[in-house]
Amino acid sequence: MYEIISEEIRKAAILNAVRHEGKANPKTVLGTLLGEHQELRAQANDLMPIVQAIVQEVNSTSLQTLREVVNQKWPDQLSKQRQDKERTLPPLTNADKYTKIVTRVAPNPDFVLHLGNARAAILSHDYAKMYNGKFIVRFEDTDPRLKKAQLEYYEKIRQDLVWIGCKWDEEYIQSDRLPIYYEVGTTLIRKAAAYVCQCKPEQFRDKINASLPCPDRSLTVETNEERWNKMLEHEYKEGEAVVRVKTDLTNPNPAVRDWPAFRIIDTVKTPHPRIGSKFDVWPLYNLASGVDDHLLGITHIIRGKEHLTNMDRQLFMYNHLGWKYPEAIHYGRLKIQGMDLSKSKMMKAVEKGEISRVDDPRLGTLAALRRRGYSPKTIRDLIWDIGPKPVDVTISWDNLNAMNRKIIDPIAHRYYFVANPIEVTITGFKGTLEVHPPLHPEQPNLGNRTIRIEPMVGKATLLVSGNDSDVLKSQPEVRFMNLFNFKPVDTGSGKNFAGQIVEDSGHHSKAPILQWVPSTDNDNVAVQVLMPDGTQVNGFAEADLQKEGVDSIIQFVRFGFCRIDRNSSKLVTACFAHQ
Ligand SMILES: [Zn+2]
C-alpha cells in the first residue's frame with residue numbers, strides 16, 4: 001500500500017517541483033495526493049513525514065534531471081499543468097482527531113457579504129466537503145442596538161452563499177436561541193465563573209485597567225443568582241447590569257479581563273427585527289458565538305486573525321465549563337487594491353445615502369461583483385489561491401480581472417458599442433447592407449448577429465465612439481469592422497465626419513479598425529454603462545444586443561466586458577466588469 005502511495009507522492013512532488021523552479025512544497029504535494037485519494041484524508045498527519053522525506057529527495061535533484069523524468073514518464077503533464085493552475089488547500093490541522101469535520105460561517109445579517117466574508121465561507125464550506133463533513137450557517141444577530149440585523153439581509157446573505165457555491169447543511173439563527181444562552185449564563189453563575197456587575201462603565205474600566213476586581217466580583221453565588229434572575233425578570237434598565245465572565249485580571253490585554261457576556265437592551269426602544277421586544281437580556285458576541293461553536297459541535301473555526309483576542313476571551317469560558325476549544329485557524333487580512341473592504345465603512349456610505357444600493361459597483365460586496373459580471377468561479381479561484389494563510393494579502397484588480405477574463409472571455413457574446421458617439425456620413429452605398437459578424441470570433445458555433453444599414457440615396461450615417469475622433473482626424477484611411485474602408489473628412493470640428501467607401505481595399509490595408517453602430521432607431525439601441533467608479537457612460541449598440549437577457553455577460557468590442565443589468569425595448573443598462 002505505502003509503496004504505491006510513495007510512487008504517487010513522488011510523481012506529485014516531481015511535477016510540483018518542475019513548476020516551481022525545482023522546489024516542491026510538501027503541503028501542496030500532500031494536498032494533491034489527498035485530492036485524488038479521499039480515503040487517505042484521515043491519515044493526513046501520518047502521511048506528512050513520508051511526503052516531506054520524498055519532497056526533500058526530489059528537491060535535491062537538479063531541475064534539469066526532474067524535467068527529463070517528466071518528459072519521459074508523463075510528457076502530457078507539463079502542458080496540461082501550465083494551462084490549469086493546480087489549486088489545492090493545505091490539509092486541516094488535526095483532521096484525523098475528529099470522526100466528522102464540522103465548520104461554520106457566522107455572518108451578522110446587518111449587511112450583505114463582501115469579498116472578505118467570502119473567504120471564511122468558501123474555506124469553511126470547502127474544507128467540510130473535502131473531509132466529507134458538515135457546513136453550518138449561523139446568523140449572529142444578538143445585537144439589536146449597534147450592529148442591528150435587518151430582515152432583508154438574512155435572505156441576501158443566503159443568496160450570496162448560494163452564488164459562491166457554499167450550500168449549507170444546517171442553518172441556525174442566534175435570536176432563536178436566547179433561552180439556550182440563558183442556561184449557560186445560569187451555569188456560569190452557579191459555578192462562580194461569572195458575576196452580575198452593576199458598576200458604572202467608567203468605574204469598572206478604572207478598576208480593570210489597574211488589574212483590580214470591581215466590588216461585584218466577590219459577591220456570593222446566591223447574590224449573583226438573585227441579580228441574574230432580576231435581569232431575566234426585566235427588573236433592570238438598559239445599562240444597569242452586565243454579566244461578566246471571570247478571567248485573569250492580570251491578563252496583558254485589558255480587553256480580555258472579565259469580559260461582558262450578557263447585557264440589558266431596551267428592546268422597546270430598539271426592537272429586534274425578528275423577535276421584537278420579547279427579550280431584553282442579550283448575549284454579547286463572545287458568549288453567543290463561543291457557546292454555539294461548542295453546542296453545534298464545530299471542530300474547526302476558520303476566520304480572520306482579528307478574532308484572536310476573542311479566542312483568548314472565550315478560552316476562559318471554555319475552561320470554566322470544561323469544554324474543549326475547537327481547532328482555530330486565523331488567516332490574515334485580505335485587501336483589494338484601491339477598495340475599502342471594511343463593512344462599517346460600506347454601511348456608512350449606504351446609510352449616508354452616498355451609495356444607494358448594496359450592489360453599487362464602488363463596493364466590494366459579493367452583490368456588486370456579481371452585478372458587474374464577475375464569475376463566482378473567479379471568487380472561488382481567488383480564495384483557493386490565497387487559502388487560509390496567516391499573512392496579509394493584497395490582491396490587485398489586474399489579477400482578479402485576469403482570472404475572470406479567463407472564465408468569461410470564451411463565452412461572452414461580442415457586440416459593437418459606441419460611447420459618447422459622433423457621426424460619420426458615408427456615401428457610396430448600393431442599397432441596404434446587412435452584415436453578420438460572429439457572436440464570438442473563435443466560437444463559430446455560437447452563431448452570428450445581424451446589423452443592417454439602410455442608406456437613403458446611397459448615403460448613411462454611422463455612429464462611432466467619440467474617443468475615435470482623433471483616429472478619424474489623423475488617419476487617411478480607416479476601416480469599419482466587418483464592413484469596408486473609407487477616407488474620413490472632418491466636416492464639423494472633430495464632431496462630424498464624412499467619407500466615401502473605398503472599394504476593394506481588402507483586409508491587407510493597415511487602416512485602423514473601428515467598431516460602429518447604425519444611426520437609425522430600428523437598427524440600434526441606447527445603452528447606459530455603469531462604470532466601477534459610479535459614473536455612467538452613454539452610447540449606442542447594435543440592435544441585436546436587445547436579444548441578450550438580464551445577467552448575460554457580453555463584451556463590447558474595444559470597450560470591455562459588461563453584464564446586462566436591465567433590458568427594455570428602448571434602453572439597455574449594463575455594468576462594466578473590466579477590459
Ligand atoms: Zn462591578
- Helix 44-59: inclination vs the chain longest Cα principal axis, degrees, rounded to 10, gives 50
- Where in the range 277-356 are there trypsin sites (Lys or Arg not before Pro) that are in a DSSP coil and have at most 11 other Cβ atoms within 10 angstrom of their Cβ? 278, 324, 352
- Message: Nothing charged except the Cβ atoms of Lys and Arg (+1) and of Asp and Glu (-1): what's the magnitude of the dipole of the chain about its Cα centre? Round to the nearest 20 debye.
- Response: 500
- Item | Order by protection proxy (mean Cβ within 10 Å, highest first), peptides 449-457, 373-381, 102-110 | 102-110, 373-381, 449-457
- Which residues make up the longest stretch of the chain that has no GluC sites (Glu not before Pro) in a DSSP loop with at most 12 other Cβ atoms within 10 Å? 22-232
- Task: Mind checking the full-extension length gain between residue 275 and residue 43? Use 0.36 nm per residue of separation minus the Cα-Cα distance, one decimal, nm.
- Result: 78.9 nm
- Message: What distance in nm lies between label points placed 7 Å from Cα along the C-beta direction at residue 7 and residue 71?
- Response: 2.4
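Per residue Cα convex hull volume for the range 471-524, in cubic angstrom?
89
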- Query: Restricting to the chain, what percent of DSSP beta bridges are antiparallel, rounded to 5?
  - Reply: 65
- Message: With the cut-off at 19 Å, tell me which of the pairs 100/134; 100/377; 97/129; 134/305; 167/335; 129/406 have Cα atoms farther apart than that.
- Response: 100/377; 134/305; 167/335; 129/406
- Task: Working from Cα positions, state the angle (0 to 90°, nearest 10) between the long axis of helix 26-36 and the longest principal axis of the chain.
- Result: 80
- When only Cα pairs under 8 Å and 6 or more residues apart are kept, what is the percent relative contact order across the chain? 10
- Treating the angle as unsigned and between 0 and 90°, give the value, to the nearest 10°, between the Cα long axis of helix 376-386 and the longest Cα principal axis of the chain. 60
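If contacts are Cα pairs under 8 angstrom and at least 6 residues apart, what is the relative contact order of the range 501-579 in percent?
Values: 128 pairs, mean separation 21.1, N = 79.
Relative contact order for the range 501-579 comes out at 27 percent.
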- Query: Each label point is 7 Å from the Cα along the Cα-to-Cβ direction; what then is the distance between the points at residue 491 and residue 225, in nm?
  - Reply: 9.7
- Query: the range 473-531 to the range 103-175: how many Å between their Cα centroids?
  - Reply: 51
- Quick note, the range 251-299: a/c under 1.5 would make it rounded; otherwise a/b > b/c is prolate and the rest oblate (a ≥ b ≥ c, C-alpha gyration tensor); here it is oblate
- Taking 7 Å along the Cα-to-C-beta vector as the label spot, tell me the residue 255-residue 321 distance in nanometres, rounded to one decimal. 2.2
- Base-10 log of normalised Debye intensity for the range 405-497 (one unit scatterer per alpha-carbon) at q = 0.22 Å⁻¹: -1.15
- Among 331, 344, 308, the residue whose Cα sits farthest towards the positive end of the charge dipole of the range 306-345, when +1 is placed on the Cβ of each Lys and Arg and -1 on the Cβ of each Asp and Glu, is 344
- Item | Length-normalised contact order of the range 142-301 in % [C-alpha pairs under 8 Å, at least 6 apart] | 26
- Taking the Cα centre of each part, how many Å lie between the range 230-292 and the range 422-446? 68
- Query: Per the Debye formula with a single identical scatterer at each Cα and no solvent contribution, what log10 I(q)/I(0) holds for the range 1-153 at q = 0.09 Å⁻¹?
  - Reply: -0.42
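How large is the Rg to Rh ratio of the chain when both quantities use alpha carbon positions and Rh follows Kirkwood?
1.10
A short reminder: the numbers here are calculations on the coordinates, not readings from a lab. Everything numeric in this text was worked out from a predicted model, so none of it was measured. Cβ atoms come from the backbone with ideal geometry, glycine included; neighbour counts cover every protein chain shown.
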